[in-house]
Amino acid sequence: MKLKDIFLTFAVALAPAALSAESKLTVSHLANEQNIVAVTEAQKFLLLPVQDDAPEAKLCLVEANMPVTTTMNVRLARERVDYYVPLDLSAFVGRDVKVDVQGMPQGSLCWKEMRLSDTFDMGNKEAHRPLYHHTPAYGWMNDPNGMFYKDGVYHLYFQHNPYGSTWGNMHWGHSTSTDLVHWQYEGDALLPDAWGTVFSGSAVVDKDNTAGFGRDAIVAFYTSAKPTPWGDAQMQSIAYSTDGGKTFTKYAGNPVLTSTERDFRDPKVFWYAPGKHWVMMLAVGQQMQIFTSDNLKEWKHESDFGLKHGAHGGVWECPDLIELPVEGTNEKRWVLICNINPGGPFGGSATQYFVGTFDGKKFTNEFPTKTKWMDYGKDHYATVTFSNAPDGRCIALGWMSNWQYAAQVPTKQYRSANTIARDLSLYRKDGDLLLRCAPSKEIEAARGEKKSVPQFRVGDVYSIENLLDGNDGAYEIELEIRNNGAEKLAFTLQNGKGESVVMYYDAATRQFVMDRSNSGETSFSRDFPAMTVSPATGGDDFRLRLFVDRSSIEAFVDGGKYVMTNIVFPSEPYNSMKFESVRGSFTVKKMEIYKLK
């Protein structure tokens, strides 16, 4: 087949940004779906049109006949454009570069819609995008990574695909916050390299310069996942930052830890003060491995944990090991957080935990016969904690989705959000030690307009929209209910389209239930319509905090003793709440609704 050069002048269509004057690109189509896009005098971005259900094409940026990026997998548009993603050309502005595109037919729509621009609109435009939860500015997001606090700023890195809203091309995206509620996207901090894409991990503040990168350097630990014909080869690598986590330099000696194990990932590193050494937790198949180091570069295997402990329905991932106070005592215990996929209590991914002791080298589970869940919803996974958190706090964030349907949820330019921040502690109940996950105090500082509802009769429907003088689908509801002998206390969030989320407390079984089967759009996955159930504290009083944010509901029972997180996709915001009871009555002692700002 002869080479065919096609000169394309692009018009603005479905453009996600204010574009510059006409952009001129030259596309050469070769045999076997090979293509070359020549860019003359590059601008800041090459906007790539994406079709989510298209096969992946492979892209590589080339300058002076040499590749200058690793290969990226992008679902370039063939028949339609779902959204655009930016290929960053800022390092080449004013220069001539080429993009090698493999696996795209000549007649595909992308050749007409690809264009250059100096801007890319990252505005919050999708109807389901949360207002007070962290989301990626664009593209796919899953596990939170490398979280740390320093100099008044919380740093959140996250598994990110900047080239589409499906999983792939794993980078570490980066966002920052001073209040754990409002987040600023800072771009991608860690990019794929010769050792593969950048999977999950952690970061520490090396206050004493144990690694030799400088006092107070930020040292990030991540899994390099090198693709092979037989699957990823996983190894541990490090990078360091001397500017507070804004930019990183990858360690020349990577990888620092290797294994023949197939699943060998998600390093969580922390300082163990009594032993004056670093500890690394790694997820390896269906167990955790524990390593120690004096310098963050050389690691010694100390012990394994997991055999005959907890749930084993799927692979173990994203470990964390934290020491927490036991409420009302001077005691402390260690909590090992273990994310599992599949094998959650309601299908798909979930987070379990173990409570016990740790001597710097070995973790011992104090309650080996019981599986404990950190959250009883469908959409709480990959939960880890911030390093170097202020005031001795232990603050956790999770990924608010489920691997059963994360790639099918009805959003386009972005996918997924994080939970609100949660402060962790332990409490005793019936001889057991359980994890309390309480909403972090920063969420209360974000409260705006408040409306209190007086006592009312069961069966009444109260308009959230009228109470808050408008409803953007983002609010908090705080309830205290006194049970007057009812078997069930039900409260339903609903909207004018007949969509609803039914929640109730079952007094007989002491359980809290949430049913999202009629919550809105559910048809994208047969695993999405669900009823989730958690234990609840007994007694006549029932306390509940609900955080509703357009496409999610987080329920905290009795100050976070039990938590349930579920995402939802209503066609319009839930604008009223209905109260009902079964065989008896109850009194609403307190109902306060807050706008969150």
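The values are calculated or read from the model by the stated rules, or taken from the named source; none is laboratory data. The model shown is predicted, which means the values in this text are computed figures rather than measured ones. Here the Cβ is made from the backbone with ideal geometry for all residues, glycine too, and neighbour counts use every protein chain on show. Ligands, DNA and RNA are stripped out before the accessible areas are found, and what is left, the full protein with its side chains, is counted by its heavy atoms. Shrake-Rupley method; radii C 1.70, N 1.55, O 1.52, S 1.80 Å.
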| field | Accessible area (Å², per residue) of segment 328-416, counting only protein heavy atoms and a probe of 1.4 Å | value | 33
| message | Rounded to the nearest 10 Å², what accessible area does LYS58 have for a 1.4 Å probe in the complete protein model? | response | 90
| request: Work through the residues other than ASP320 whose Cβ is under 15 Å from its Cβ and net out their charges, Lys, Arg +1 and Asp, Glu -1. | output: 0
| Surface per residue (accessible, 1.4 Å probe) for segment 138-250, Å² | 34
| remark: Sorted by chain and then number, the residues having a modelled amide H within less than 5 Å of the amide H of VAL97, at least 5 places away or on another chain, are VAL39, GLU41, ALA42
| Span per principal axis, largest first, for the Cα atoms of segment 448-597 (Å) | 38, 36, 26
| For segment 499-597, with every protein chain kept in place, what is the accessible area per residue (1.4 Å probe, Å²)? | 35
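Run the numbers on segment 198-275 and let me know its relative contact order in percent, using alpha-carbon pairs under 8 Å that are six or more apart.
Dividing the mean separation by the residue count of segment 198-275 yields 31 percent.
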| note | Here, LYS412 and SER28, labelled 7 Å along Cα→Cβ, have an inter-label distance in nm of 3.5
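Can you give the relative contact order of segment 294-372 as a percent, counting alpha carbon pairs under 8 Å and 6+ residues apart?
28
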| query | Over all distinct alpha-carbon pairs, what is the Kirkwood Rh of segment 38-85 in angstrom? | reply | 12.0
| query | Pulled fully out, how much extra length does the chain show between ASP469 and THR249, if you take 0.36 nm times their separation in residues and subtract their Cα-Cα distance? | reply | 74.2 nm
| task | Any of LYS429/LYS451; LYS362/LYS429; LYS332/LYS370 with alpha carbons more than 31 Å apart? Name them for me. | result | LYS429/LYS451
| Projected label distance in nm at ASP304 and GLU487, using a 7 Å step from Cα toward the beta-carbon | 5.0
| task | Specify which labelled value, from (1) 83, 59, 41; (2) 75, 66, 49; (3) 88, 69, 47, agrees with Cα extents along the principal axes in Å derived from the coordinates of the model shown. | result | (1)
| message | As a test of the formula, what do you get for the chain when each DSSP H run with n ≥ 4 contributes -39,500 (n - 2.57) and the sum is divided by the residue count, at 222 nm and rounded to the nearest 500 deg cm²/dmol? | response | -500 deg cm²/dmol
| task | Note down the nm distance, to one decimal, between modelled labels 7 Å out along Cα→Cβ at ASP294 and at ARG393. | result | 3.6
| task | Quote the accessible area belonging to ASP469 in square angstrom, nearest 10, computed with a 1.4 Å probe and with ligands, DNA and RNA left uncounted. | result | 130
| message | Could you give the length gained by full extension between PHE524 and ASP216, i.e. 0.36 nm per residue of separation minus their alpha carbon distance, to one decimal place? | response | 106.2 nm
| task | Go ahead and run the numbers for FRET between TRP230 and GLU327, Cβ-Cβ distance against an R0 of 41 Å, rounding to 0.05. | result | 0.25
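State the extension gain, in nm to one decimal, for the chain segment bounded by ALA194 and LYS112, taking 0.36 nm per residue of separation less the distance between their alpha-carbons.
The span from ALA194 to LYS112 would gain 26.3 nm if fully extended.
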| field | For the chain, with +1 on Lys and Arg beta carbons and -1 on Asp and Glu, the positive-most of SER500, LEU426, LEU489 along the dipole | value | LEU489
| Under 18 Å Cα-Cα from LYS595, which aspartates and glutamates qualify once same-chain neighbours fewer than 8 residues away are excluded? | ASP179, GLU442, GLU444, GLU449, GLU465, ASP469, ASP472, GLU476, GLU478, ASP549, GLU554, GLU572
| task | Averaged over every viewing direction, what's the projected area of the C-alpha convex hull for segment 517-597? Give it in nm², one decimal, please. | result | 7.0
| remark: So the carbon and sulfur contribution to the accessible area of segment 127-276, 1.4 Å probe, in percent, is 50
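Take the cross-link list LYS125/LYS590; LYS58/LYS112; LYS207/LYS441 and give me the ones stretching past 23 Å between alpha-carbons.
LYS125/LYS590; LYS207/LYS441
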| remark: segment 309-452, convex hull of Cα, quarter of hull surface, nm² -> 11.8
| Cβ-placed point charges (K, R +1; D, E -1), dipole of the chain about Cα centre in debye, nearest 20 | 440
| Largest first, how would VAL39, VAL582 line up by accessible area (1.4 Å probe)? | VAL582, VAL39
| task | Count the net charge of all other residues whose Cβ sits under 11 Å from the Cβ of VAL62, scoring Lys and Arg as +1 and Asp and Glu as -1. | result | -2
| Which FRET efficiency, nearest 0.05, do SER90 and LYS450 yield, Cβ-Cβ r, R0 60 Å? | 0.85
| said: Using square roots of five times the C-alpha gyration tensor eigenvalues, list the equivalent-ellipsoid semi-axes of segment 186-251 in whole Å, biggest first. | reply: 25, 12, 8
